[in-house]
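Structure first, then comments.
The values are calculated or read from the model by the stated rules, or taken from the named source; none is laboratory data. Model, not experiment: these values are computed from the prediction. Counting neighbours? That spans all protein chains shown, and the Cβs are built from the backbone with ideal geometry, glycine included.
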Amino acid sequence: MCPAWYPHVRTHSWKARRRARDTIAKRGLSYSSAQNFRQCPRRWCEKYVKGPFSEWGDRATIDKADHAVLEKRNPIIIGNSAIVGIAVHSVLKELMGFNPSYRTPELLNRLAWDAVHSRAKEKGGYTLEKSQRFHDAIWEKLKAYLQLVDPATVRPVAVEMSFAVTLRGTKIRGVIDLVETVEDPDKGSYPRITDYKSGKLRSGLSAKESKQQVALYAAVYGQETGTLPKETSLVYLGDPPGVTTDTVTVDRVVGTVVTHTRTEEGILDGLERDDFPAKPSALCHWCPFLPECEEGLESDRKHCGGGDAGGV
């Protein structure tokens, strides 16, 4: 059970946990939610059982809510990954709506400013300096995109494809950034799943999680269309940027679906027993609930010297 000194988790009522359980049964479990649980069950509980995260909005809504907690701890928000990442995804989605010959750096820059103005309107206005800093943060990611991808050659099949399907008895929901058609002289024409990451090129466990995510998306697309994509691609827009491409195999897809199913089982067990232990790691430094978590604070002191956890 959660320790008595941790007020947020120990006061989670059965009603709140039942609501979360019923939501999973009705709407399904997104990959980001499952990944959150694998990273730290306690953080998952804080996000998805306790409000305001318990409303279970879409990915962007939850990211914004998550970021709002960080914003209260650190007022220097321009450049923080959550809001910039959402803006970059929005720009790239709009870009694919244009004829290939129009997908130029100049258009990308204009779309970046549109994203700034939209965010400023939502927040009640930005100063010129703040608008410029926000634009620069977005533009850094988009410049990396242009280094990695020629947007004029992309042949989108689906952009920001929302889904809610059942695989191996588990309901899964989410959004696929891009399904594109690839023309290969040897392999012919085939679909590829592409996911944008606003962070840097990863390795180790983080890279494995991202590859599992797109493999799960490949399984979803295969079930929805009857055609299993031959490749998945991860486009990292941080510093350093990079692209990783992997072949889709049946074993890879099945393994990812099994992992997702087992994660759901772990979540439902935690909801039943009201047991969400902390899982300290270097990621604690960026957790919006760090100030209330003794294990996380200790981990943060170990990995980061106890600095401000909301830093850009």
Taking region 187-236 as the region of interest, how many residues are under 14 Å from the mean Cα position of the chain (by Cα) and β-branched (Val, Ile, Thr)?
3
Of the conditions (1) at pLDDT below 95; (2) of a type in the set (S, T, N, Q); (3) not in a helix (DSSP H, G or I), the single one that Thr181 does not satisfy is (1)
Across region 1-47, which residue is surrounded by the fewest Cβ atoms within 10 Å (Cβ to Cβ) among those that are at pLDDT 90 or above and part of a loop (DSSP other than H, G, I, E, B)?
Gly28
Go through (1) under 30 Å from Arg18 (Cβ atoms); (2) surrounded by fewer than 16 Cβ atoms within 10 Å (Cβ to Cβ) one by one and return the number of the condition Glu224 breaks.
(1)
Only one of Leu178, Leu201, Leu216, Leu167 is in contact (Cβ under 8 Å) with a residue 40 or more places away in the chain, surrounded by 15 or more Cβ atoms within 10 Å (Cβ to Cβ) and out of contact with any strand residue (DSSP E or B) (no Cβ under 9 Å at 6 or more places or on another chain), namely Leu167
Would you confirm, using the coordinates I've provided, whether Pro191 is closer than 30 Å to Thr261 by Cα and not small (Gly, Ala, Ser)?
yes
Check region 235-254 and report whether any residue there is crowded, with 19+ Cβ neighbours inside 10 Å, small (Gly, Ala, Ser), farther than 18 Å from Gln39 by Cβ and in contact (Cβ under 8 Å) with a residue 12 or more places away in the chain.
no
Only one of Asp269, Asp251, Asp300 is part of a helix (DSSP H, G or I) and touching a His at 6+ places or on another chain (Cβ under 6 Å), namely Asp300
Going by the conditions given, is Ser198 within 18 Å of Asp246 (Cβ to Cβ) and among the hydroxyl-bearing types (Ser, Thr, Tyr)?
no
Among (1) out of contact with any Asp or Glu (no Cβ under 8 Å at 6 or more places or on another chain); (2) assigned to a helix (DSSP H, G or I); (3) at pLDDT 95 or above, there is one condition Tyr217 misses while meeting the rest; what is its number?
(1)
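With the structure loaded, tell me whether Lys123 is surrounded by fewer than 19 Cβ atoms within 10 Å (Cβ to Cβ) and under 21 Å from Leu234 (Cβ atoms) or whether it fails that test.
It is false that Lys123 is surrounded by fewer than 19 Cβ atoms within 10 Å (Cβ to Cβ) and under 21 Å from Leu234 (Cβ atoms).
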In region 126-141, which residues are surrounded by 16 or more Cβ atoms within 10 Å (Cβ to Cβ) and closer than 20 Å to Tyr236 by Cα?
Phe134, His135, Ala137, Ile138, Trp139, Glu140, Lys141
Is it the case that region 275-283 has a residue that's over 30 Å from Arg18 (Cα atoms) and not in a loop (DSSP other than H, G, I, E, B)?
yes
So, Gly85, is that one part of a loop (DSSP other than H, G, I, E, B), modelled with pLDDT of 50 or more and more than 30 Å from Arg18 (Cα to Cα) or not?
no
Taking interchain pairs and intrachain pairs at least six residues apart, which have beta carbon atoms under 6 angstrom, with the first residue in region 106-123 and more than 15 Å from Tyr145 (Cβ to Cβ) and the second exposed (fewer than 13 other Cβ atoms within 10 Å of the Cβ)?
none
Spot the failing condition for Gly270; the list is (1) out of contact with any Ser or Thr (no Cβ under 7 Å at 6 or more places or on another chain); (2) surrounded by 19 or more Cβ atoms within 10 Å (Cβ to Cβ); (3) closer than 30 Å to Val157 by Cβ, and only one is missed.
(3)
